[in-house]
Amino acid sequence: MRVELLGLPVDILSHDETLARARAAMRGEAGRCQHVALNVAKLVNARRDPDLDSDIRESDLVGIDGAGIALALRLQGHGRVERVAGIDLFESLIALCAREGLRPYLLGAKPDVVADAGRALARRHPGLVLAGSHHGYFRPDQEEAICRGIAESGAHCLFVALPTPQKERFMRRHRDSLGVPFVMGVGGSFDVVAGRVQRAPLLVQRLGAEWFYRLAQEPRRLAGRYLRTNAVFAGLLARQALRRLAPERFGPASRTRS
């Protein structure tokens with residue numbers, strides 16, 4: 001079910017439902033499918049970046065990647081909304097590929113990271129065959145050749161581990177010409193799989209505090225982003241709640257960017 005959250009579309013699907021949609025695309029039982037994982041930082045940044053807004057809005061699936069997004073949807077009255085973390089979905093899709101003979105292509109991260117991620121996935125999933133891989137440190141003039149290589153690889157799915165908004169822009173720009181049935185952005189998943197970054201313990205994930213665990217590991221890189229976007233998001237939710245409680249004073253809820 002597709003709903004709207006603060007002006008952006010979100011698909012309320014479980015992990016298994018999302019996996020089934022991806023599987024149908026990869027097996028040729030449905031049309032091409034592009035997935036974007038939505039978290040608080042991405043939603044807030046999209047309000048100031050029209051291109052990122054369009055990248056998200058025009059995706060086939062907008063997944064509930066962040067605990068903050070799931071909480072906001074529950075506050076809107078959508079009941080128990082399941083968070084579908086991008087890295088969990090990525091791992092499940094890789095397992096599916098290994099079981100059913102589907103071939104993924106890995107794009108992004110540093111050269112040694114994407115290589116180590118590919119080897120780690122092959123160890124975890126015997127029988128997995130990669131369609132190919134390429135690091136994310138390429139120049140704009142190399143992009144056409146990389147896309148040609150992906151198109152010629154016969155990949156059933158493409159996982160793009162570039163930063164936001166580069167990965168969203170890449171997917172939107174090339175999704176129709178690559179000929180890959182399922183395309184998904186996976187952020188820093190290759191770093192986790194390759195062992196460069198440690199993921200939060202399961203209890204921390206369930207508490208919705210995985211962002212804080214990541215912040216503790218990389219404070220210099222993430223502190224500004226998390227603190228700023230979380231504060232803005234909290235303000236947006238508060239304003240939306242006030243508009244619903246007292247529209248005559250605060251004005252009706254709207255899609256106006258701020």
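The values are calculated or read from the model by the stated rules, or taken from the named source; none is laboratory data. Since the structure is predicted, the reported quantities are computational estimates derived from the model, not experimental observations. Cβ atoms come from the backbone with ideal geometry, glycine included; neighbour counts cover every protein chain shown.
For this structure, a couple of remarks:
- Residue in the stretch 234-243 that is surrounded by 11 or more Cβ atoms within 10 Å (Cβ to Cβ) and at pLDDT below 70 present: no
- Against the test of being surrounded by 15 or more Cβ atoms within 10 Å (Cβ to Cβ), closer than 22 Å to LYS42 by Cα, β-branched (Val, Ile, Thr) and modelled with pLDDT of 90 or more, the options VAL197, VAL192 yield a single qualifying residue, VAL192.
- Screening GLY118 with (1) buried (at least 20 other Cβ atoms within 10 Å of the Cβ); (2) in a helix (DSSP H, G or I) gives one miss only, at (1).
- Restricting attention to the stretch 136-168 and to residues that are touching a residue at least 60 places away in the same chain (Cβ under 8 Å) and not polar (S, T, N, Q), the residue that is farthest from PRO104 (Cα to Cα) turns out to be PRO165.
- For GLY31, the stated conditions hold: it is surrounded by fewer than 21 Cβ atoms within 10 Å (Cβ to Cβ) and either modelled with pLDDT of 95 or more or farther than 18 Å from THR164 by Cα (or both).
- Residues within the stretch 134-159 that are crowded, with 21+ Cβ neighbours inside 10 Å and in contact with a helix residue (DSSP H, G or I) (Cβ under 7 Å, 6 or more places away or on another chain), tallied: 5
- Applying the condition of being of a type in the set (A, V, I, L, M) and not in a loop (DSSP other than H, G, I, E, B) to the stretch 169-181 and asking which residue is nearest to VAL193 (Cα to Cα) yields MET171.
- Tally, over the stretch 138-168, of residues that are under 19 Å from SER189 (Cα atoms) and either more than 23 Å from the chain's Cα centre (by Cα) or in a strand (DSSP E or B) (or both): 5
- Residue in the stretch 103-114 that is farther than 22 Å from ASP191 by Cβ and either over 16 Å from the mean Cα position of the chain (by Cα) or not in a helix (DSSP H, G or I) (or both) present: yes
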